[in-house]
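Student: Before I ask anything, let me first share the structure, which is written out below as structure tokens.
The values are calculated or read from the model by the stated rules, or taken from the named source; none is laboratory data. Note that this is a predicted model, so its numbers are computed, not measured. Cβ placement follows ideal geometry from the backbone for every residue including glycine, while neighbour counts extend to all protein chains displayed.
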Amino acid sequence: MEQKLLPKILVADDEEYTRVYFKGILDEDDYQVIFAQDGNEALKKWEKENFDLIIMDIHMPGVDGIEALRRIRSADTDTMVIMISAFGDMDTVIDAMRLGANDFFAKPFSSIDKIKLDIRNCLERRRLLRENERLKQQVSSAFVDRSMFYASKAMEIVIDLASRAAYIDMPVLILGESGTGKELVARSIHANSLRNESAFFAINCGALTETLLEPALFGYEKGAFTGAVSRQIGYFEAANGGTIFLDEIAETSTSFQVKLLRVLQEGEIMRVGGTKPIKVDFRLISATNNDLGELIKAGKFRKDLFYRINVIRIEIPPLRERKDDIPLLFEHFMKEVCEQNAMRKKRIAPEVMECLLKVQWEGNVRELRNLVERLVVVSKGHIVTFDDLPLEYKNSCKTIQTHDRNPMNYEQAKAQFELNYLKGLLAYTGQDLKQAAALSGLDLSTLYRKKNKLIS
């Protein structure tokens with residue numbers, strides 16, 4: 001049988017009466033209790049052991065409670081701390097609370113029951129904080145996004161939200177420009193959800209007319225229309241516990257939206273030409289690059305359906321707003337395309353990466369992938385140079401350089417150059433810091449510090 005881990009409490013007070021008082025209270029309950037006679041001893045014991053709660057007097061010889069609390073909080077924000085003070089010492093108590101004390105006991109002490117309750121409440125808060133952190137780490141480590149490559153804070157927020165959405169079986173709406181990776185996010189959510197052993201179907205609503213979209217999703221009975229020579233199961237029914245991804249949902253007609261709304265509300269469908277309702281079980285993830293709010297105002301998208309699909313909302317920023325991702329994505333695509341074509345992996349010259357960081361990327365990640373595929377074919381050597389770039393990208397870089405409406409001051413320009421140079425250098429070396437140091441002439445430790453400061 002697993003032994004229960006008892007809460008560990010440190011009581012620090014220079015008065016023997018106080019230590020005896022708390023020993024009498026705490027020994028009645030299931031606690032591990034350790035005592036210290038002053039602030040120095042309390043800090044030594046805190047450094048050696050992990051405590052759930054520290055009860056500490058403010059006024060002690062040598063290192064007082066305030067200084068001990070300051071040192072503890074500089075390295076430990078999780079342990080609960082209750083300070084002991086005398087009545088009339090509220091200014092010091094306020095200082096302690098500002099430093100991170102969780103509660104305080106005033107001398108002379110109130111009823112034993114009240115003190116016991118406050119201790120239990122602090123320990124329960126400590127337990128909940130630990131449990132919350134454990135769950136966060138569990139979700140973070142469990143979430144798989146092998147298809148997602150990013151370095152930007154913006155995409156870190158997207159992935160964090162997607163990781164939480166994966167464990168909540170509710171509709172998800174993904175917004176973002178074309179080519180930002182909406183389907184990849186949808187697939188990651190499904191792959192890490194409880195539905196991951198069932199099917200994932202992606203349907204582009206904009207690629208199908210309504211006459212084709214409805215039978216594809218709902219299925220149809222034999223003879224329902226010309227060419228329906230046999231019964232056909234639709235995606236809604238075939239998902240069977242899985243996930244349906246409706247891309248470009250804003251392209252659907254309002255009449256189709258009424259039917260989709262009923263499916264989501266009732267959990268059942270009617271095949272085209274059918275007369276019997278059929279129960280279905282799937283999770284819906286929708287996506288669009290349109291402004292649904294404007295479409296609702298124009299009467300082109302139903303407000304009630306919007307509320308139904310907009311339970312968890314994830315917005316993917318365009319690539320031009322997360323340029324930290326460009327070197328990493330470029331390197332990944334280059335490696336992938338070269339492997340697919342049995343070619344030696346090519347590298348990008350730093351000045352090319354500097355140019356690409358200035359491109360607006362109207363086609364987002366899809367455009368970047370397309371460019372990499374073109375460069376693999378066009379570049380003759382194993383290094384992609386500026387001359388290998390298609391003309392529109394060369395012109396784009398020159399235009400940006402020539403028509404900068406808000407020129408930076410010298411220090412800003414210097415910092416921007418250093419950032420762009422470092423990104424291009426690391427992309428060229430495949431993130432190999434030793435090789436980057438040798439090529440740049442920088443000391444390895446200096447390069448490491450710059451990378452952490454400017455990129456990480």
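Student: Is there any pair linking a residue in region 435-448 that is more than 11 Å from Leu425 (Cβ to Cβ) to one that is part of a helix (DSSP H, G or I) and of a type outside the set (Gly, Ala, Ser), with Cβ under 7 Å and at least six apart or on different chains, and which?
Tutor: Leu444/Leu433; Leu444/Lys434; Tyr448/Leu433
Student: Next question. Looking at Ser178, Ser255, Ser188, can you tell me which residue is polar (S, T, N, Q) and touching an Asp or Glu at 6+ places or on another chain (Cβ under 7 Å)?
Tutor: Testing whether each residue is polar (S, T, N, Q) and touching an Asp or Glu at 6+ places or on another chain (Cβ under 7 Å) leaves just Ser188.
Student: Shifting gears a bit: Can you find a residue that is more than 16 Å from Lys182 (Cα to Cα), surrounded by 20 or more Cβ atoms within 10 Å (Cβ to Cβ) and not basic (Lys, Arg) anywhere in region 221-230?
Tutor: no
Student: Count, please, the residues in region 167-177 that happen to be modelled with pLDDT under 95 and either buried (at least 23 other Cβ atoms within 10 Å of the Cβ) or out of contact with any helix residue (DSSP H, G or I) (no Cβ under 7 Å at 6 or more places or on another chain) (or both).
Tutor: 3
Student: Give me the residue from region 390-421 that is at pLDDT below 75 and acidic (Asp, Glu) and, out of that set, surrounded by the most Cβ atoms within 10 Å (Cβ to Cβ).
Tutor: Top of the filtered list is Asp404.
Student: Further question on the same structure: I'd like to verify a number: residues in region 335-355 that are in a helix (DSSP H, G or I), of a type in the set (A, V, I, L, M) and modelled with pLDDT under 90, how many?
Tutor: 2
Student: Shifting gears a bit: At positive phi, surrounded by 12 or more Cβ atoms within 10 Å (Cβ to Cβ) and assigned by TED's automatic domain parsing to the domain that holds Leu128, is that true of Gly100?
Tutor: When the stated conditions are applied, Gly100 passes them.
Student: Select the helices (runs of 4 or more DSSP H) contained entirely in region 1-88, then report the ones holding at least 2 residues which are over 38 Å from the mean Cα position of the chain (by Cα) and closer than 19 Å to Ile112 by Cβ.
Tutor: It comes to 16-26.
Student: Is one or more of the residues making up region 17-37 of a type in the set (S, T, N, Q), at pLDDT below 90 and in contact with a Lys or Arg (Cβ under 9 Å, 6 or more places away or on another chain)?
Tutor: No, every residue in region 17-37 fails to be of a type in the set (S, T, N, Q), at pLDDT below 90 and in contact with a Lys or Arg (Cβ under 9 Å, 6 or more places away or on another chain).
Student: Hey, does region 303-312 have a residue that's assigned to a helix (DSSP H, G or I), more than 30 Å from Leu357 (Cβ to Cβ) and of a type in the set (S, T, N, Q)?
Tutor: no
Student: Could you count how many residues in region 179-204 are outside any strand (DSSP E or B) and surrounded by 15 or more Cβ atoms within 10 Å (Cβ to Cβ)?
Tutor: Residues that pass the stated criteria total 18.
Student: With over 16 Å from Phe333 (Cβ atoms), among the charged types (D, E, K, R) and under 34 Å from the mean Cα position of the chain (by Cα) as the only criterion, which of Glu367, Glu373, Glu351 stands out?
Tutor: Just one listed residue meets the conditions, Glu351.
Student: Here's a follow-up. Restricting attention to region 44-64, which residues are out of contact with any Gly (no Cβ under 9 Å at 6 or more places or on another chain) and surrounded by fewer than 18 Cβ atoms within 10 Å (Cβ to Cβ)?
Tutor: Lys44, Lys45, Glu47, Lys48, Glu49, Asn50
Student: To continue, here is another question. Would you mind stating whether Gly274 is touching a residue at least 24 places away in the same chain (Cβ under 8 Å), part of a loop (DSSP other than H, G, I, E, B) and of a type outside the set (S, T, N, Q)?
Tutor: yes
Student: Give the residue that is farthest from Val377 (Cα to Cα), with candidates limited to residues of region 313-334 that are within 19 Å of the chain's Cα centre (by Cα) and assigned to a helix (DSSP H, G or I).
Tutor: Only one residue fits best here, namely Glu321.
Student: Suppose we filter region 295-330 for residues that are β-branched (Val, Ile, Thr) and surrounded by fewer than 19 Cβ atoms within 10 Å (Cβ to Cβ); how many remain?
Tutor: Residues meeting the conditions: 3.
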